[in-house]
Amino acid sequence: MIDLRPLIPHCLIVGLGILVVLLDALRVRRNACCLGFVTALGAVAAIALDWMGPDARLWAGQIVADPYSRAFDTIFLAVLAVVALASASDEPHIAFAGEYYALLCFATVGLMFTASAGSLLILYVGIELSTICLMALVGFAKRDRRSSEAAVKFFVLGSVGSALMLYGCSIVFGLAGGTEYGKVLGVLSGVGGFPIVLWLGFACVMAGLGFKIAAVPFHMWAPDVYQGAPTTITAFMSTASKVGGFAALLRFLLVALGAAPDRWAPVIVALSAASIVLGNLLAVAQTNLKRMLAYSGITQAGYLLVAVAGASAADSGLAVGAVVMYGMLYGFMNVGAFLVAQVIEDHTGSGEITALKGLHKRQPLLALAMLLFLFSLGGIPPLAGFVGKLYLFAAGWEGGRFALVGLGAVASVVALYYYLMVALQVYIKDPDDDTRIPVSRQVSLAVAVCVVATLAIGVYPRPLVRLGDRAATALHAYAAPRPQSALPSAQKP
Amino acid sequence: MDPITATHYIGLSAILFAIGAVGVGIKRNPIVIFMCIELMLNAANLALVAMGKHLGSISGQMMAIFVMAVAAAEVAIGLGIIVSIFRSRETIDIDEVNLLKL
């Protein structure tokens, strides 16, 4: 009998998605904004349930529930809760509010499976589940032409990315006789090299994951889709979805290809350097806030890849911990920045950076929050972004990627320029009109959560560091080379 | 005449995948792009089933069933998006869908 308790939180979130659709269909008082609150509460409950469940490897290691997957689940569910809360104020105005939250829930479940995936098949299904839900959500504002245009672009590029990844899966399957990471590892240690066919499979899988994390050269979709999609969805995509890609990437590289780190490390270094340089250069030129944040997100993916490159060294613990930690704090600060962008866009109807002009006179608290998020993204102490980046670069340094860390450090200084340009609009420029910008209670609460998290993690990062350590230990235990007979897949007749 | 082996199937699947990938790159009509994507997915399916047969393992076919389910979901979403873009602009040519700067 298989112990299915580790999957209770996944089932809870699926049930939550169905529940909100039903509540919406039953026309539970729309004005109460209850669907958003229900979703947020359910997400928080799922975090608690997740940590109470036992560690397990289900179906010959295809799905792995361990502190590593739980740490990432926590990130996705926290982002889901904040985004659902922030969407609640729009609830009375949007059609199909129930479906909106349901799709968000299902996308989150897909990401949770991505973090737990112990085989390429589950990885593919998890990534597709989240991507397909997000395709629908990107085009959710049907009357907005930009929204449907973004959906078409996301659909075409996303489908190509996932088809490439699937072809990679089929190659690996043919080579290893299964897509479980244990079997791939078995092939690697069996032949004692890196067969050319495996390179092909690896390249295809990397293309799929590169699309998910929006790393150069798989970043083309990000600016257009981020700009066109409803802003709450952009917030979710730029954080939860990106971090989900990293959760899968780390487990795939360290477990399945753990025996040949010197082979994949150069690829990661190249992706990282390209993302940092190109993301930064293009971000400087942007006039639209969401596009600027999209390019800054590409740069941030590059920073995360610095730590992944560092993970190729013998002791990968620091790198895994750093990615978990940065994933969490990046989630809060980036969602916060997008929520402020949404308030401004809703009120002024413009997504340009100049629309933020004189925000400190029109809405002082919101201006202060935006300043915090921007400084945190730029990595100014004592905010969360600084601590997180410190750990990422430390992990890269530990792994011997000195040049890459140097590039990242220089890029961080350049990045300050475009973050400060936005801050300049907010604080120095005078507004065109002095009318106060109204902020709904729900959005205020969501922004407040992000502000508190950004400050708290920066001042007292210890709990998050410990969470990262636990995740790293779990992944390390899973990835430790074992004799062929002890592989979970070998138990099958 | 040699019998048809797994290699032939895998060669065919590689050709189909390449046709699909090139089609996505050069076609301008989303519905045709869409068909090319389906071709890529089914090329992967063919490879999976052929290799499963070759290895004497059932999991290749099992994975192909997963992929069909995923592809069906993608079709539903993709057609929905195309319909919505047609309603808002009366055209679905991908080159005319350019409100967002590239």
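Note down all Cβ pairs under 6 Å where the first residue falls in the stretch B:17-28 and is among the small types (G, A, S), the second is surrounded by 11 or more Cβ atoms within 10 Å (Cβ to Cβ), and they're at least six residues apart or on different chains.
That search, which allows pairs on different chains as well, returns B:G20/B:C36; B:G20/B:L39; B:G20/B:M40; B:G23/B:C36.
So, of the residues in the stretch A:146-186 that are in contact with a Pro (Cβ under 8 Å, 6 or more places away or on another chain) and under 30 Å from B:K53 (Cβ atoms), which turns out to be farthest from the other protein chains (Cβ to nearest Cβ)?
A:L185
Answer yes or no as to whether B:V24 is within 18 Å of A:A150 (Cα to Cα) and under 11 Å from the mean Cα position of the chain (by Cα). Reasoning before the result, please.
Values: within 18 Å of A:A150 (Cα to Cα): yes; under 11 Å from the mean Cα position of the chain (by Cα): yes.
It is true that B:V24 is within 18 Å of A:A150 (Cα to Cα) and under 11 Å from the mean Cα position of the chain (by Cα).
Scan the stretch A:304-317 for residues that are buried (at least 24 other Cβ atoms within 10 Å of the Cβ) and either at pLDDT 95 or above or of a type in the set (G, A, S) (or both) and jot them down. Break it down into steps so the answer makes sense when it comes.
Taking the stretch A:304-317 as the starting set, the residues that turn out to be buried (at least 24 other Cβ atoms within 10 Å of the Cβ) are A:304-312, A:316.
Within the stretch A:304-317, A:A307, A:A309, A:G310, A:A311, A:S312, A:S316 meet the criteria.
Here are some residues: A:V267, A:V225, A:V216. Which one is under 28 Å from A:V284 (Cβ atoms) and touching a Gly at 6+ places or on another chain (Cβ under 8 Å)?
Details: A:V267 fails: touching a Gly at 6+ places or on another chain (Cβ under 8 Å); A:V225 fails: touching a Gly at 6+ places or on another chain (Cβ under 8 Å).
On inspection, the qualifying residue turns out to be A:V216.
Is one or more of the residues making up the stretch A:83-95 of a type outside the set (S, T, N, Q) and within 14 Å of chain B (Cβ to nearest Cβ)?
Pass one, the stretch A:83-95, residues of a type outside the set (S, T, N, Q): A:83-86, A:88, A:90-95.
Remaining after also requiring within 14 Å of chain B (Cβ to nearest Cβ): A:95.
The answer is yes, given that some residue of the stretch A:83-95 is of a type outside the set (S, T, N, Q) and within 14 Å of chain B (Cβ to nearest Cβ).
Restricting attention to the stretch A:370-422, report how many residues are at positive phi and surrounded by 22 or more Cβ atoms within 10 Å (Cβ to Cβ).
Just the residues of the stretch A:370-422 that are at positive phi, to begin with: A:379, A:400.
In the following step, the residues that additionally are surrounded by 22 or more Cβ atoms within 10 Å (Cβ to Cβ) were identified as A:379.
Residues that pass the stated criteria total 1.
So which of B:G80, B:G60, B:G52 is facing another protein chain (nearest Cβ under 8 Å), farther than 15 Å from A:I171 by Cβ, assigned to a helix (DSSP H, G or I) and more than 14 Å from the chain's Cα centre (by Cα)? Quick ask: steps written out before the conclusion?
Values: B:G60 fails: farther than 15 Å from A:I171 by Cβ; B:G52 fails: farther than 15 Å from A:I171 by Cβ.
The match here is B:G80.
Have a look at A:R57, A:R5 and point out the one that is surrounded by fewer than 22 Cβ atoms within 10 Å (Cβ to Cβ) and in contact with a strand residue (DSSP E or B) (Cβ under 7 Å, 6 or more places away or on another chain). Don't jump to the end; show me each part of the working.
Working: A:R5 fails: in contact with a strand residue (DSSP E or B) (Cβ under 7 Å, 6 or more places away or on another chain).
Matching residue, one of A:R57, A:R5: A:R57.
Kindly indicate whether A:V14 is part of a helix (DSSP H, G or I), at pLDDT 90 or above and surrounded by fewer than 24 Cβ atoms within 10 Å (Cβ to Cβ). Before you say what the answer is, go through the steps one by one.
Working: part of a helix (DSSP H, G or I): yes; at pLDDT 90 or above: yes; surrounded by fewer than 24 Cβ atoms within 10 Å (Cβ to Cβ): yes.
Answer is yes for this residue.
Within the stretch A:167-221, track down each residue that is in contact with a strand residue (DSSP E or B) (Cβ under 8 Å, 6 or more places away or on another chain) and of a type outside the set (V, I, T). Lay out the reasoning, then the answer.
At the first step, the residues of the stretch A:167-221 found to be in contact with a strand residue (DSSP E or B) (Cβ under 8 Å, 6 or more places away or on another chain) are A:178-181.
Result: A:G178, A:E180, A:Y181.
Could you check the stretch A:86-101 and list, in sequence order, the residues that are on the phi < 0 side of the Ramachandran plot and in a loop (DSSP other than H, G, I, E, B)? Quick ask: steps written out before the conclusion?
Let us first name the residues in the stretch A:86-101 that are on the phi < 0 side of the Ramachandran plot, namely A:86-95, A:97-101.
Scanning the stretch A:86-101 gives A:E91, A:P92, A:H93, A:I94, A:A95.
Hey, among B:L46, B:L39, which residue is modelled with pLDDT of 90 or more, surrounded by 13 or more Cβ atoms within 10 Å (Cβ to Cβ), over 24 Å from A:F154 (Cβ atoms) and more than 7 Å from chain A (Cβ to nearest Cβ)? Quick ask: steps written out before the conclusion?
Numbers: B:L39 fails: over 24 Å from A:F154 (Cβ atoms).
From the options B:L46, B:L39, the qualifying one is B:L46.
Report, by residue number, each residue of the stretch B:1-16 that is free of Cβ contacts under 8 Å to residues at least 40 places away in the same chain, surrounded by fewer than 17 Cβ atoms within 10 Å (Cβ to Cβ) and part of a helix (DSSP H, G or I).
Selection gives B:T7, B:H8, B:G11, B:L12, B:A14, B:I15.
Among A:D50, A:D55, which is the only one that is in contact with a Ser or Thr (Cβ under 9 Å, 6 or more places away or on another chain), more than 14 Å from chain B (Cβ to nearest Cβ) and of a type in the set (D, E)?
Details: A:D55 fails: in contact with a Ser or Thr (Cβ under 9 Å, 6 or more places away or on another chain).
It is A:D50.
Residues in the stretch A:380-395: is at least one part of a helix (DSSP H, G or I), within 24 Å of A:I428 (Cα to Cα) and not hydrophobic (A, V, I, L, M, F, W, C)?
So far as the stretch A:380-395 goes, yes, one or more of its residues are part of a helix (DSSP H, G or I), within 24 Å of A:I428 (Cα to Cα) and not hydrophobic (A, V, I, L, M, F, W, C).
Return the only residue of A:A273, A:A247, A:A235 being part of a helix (DSSP H, G or I) and surrounded by fewer than 24 Cβ atoms within 10 Å (Cβ to Cβ).
So the residue among A:A273, A:A247, A:A235 that is part of a helix (DSSP H, G or I) and surrounded by fewer than 24 Cβ atoms within 10 Å (Cβ to Cβ) is A:A273.
The values are calculated or read from the model by the stated rules, or taken from the named source; none is laboratory data. Model, not experiment: these values are computed from the prediction. Backbone-built Cβ (ideal geometry, glycine too); neighbour counts: all protein chains shown.
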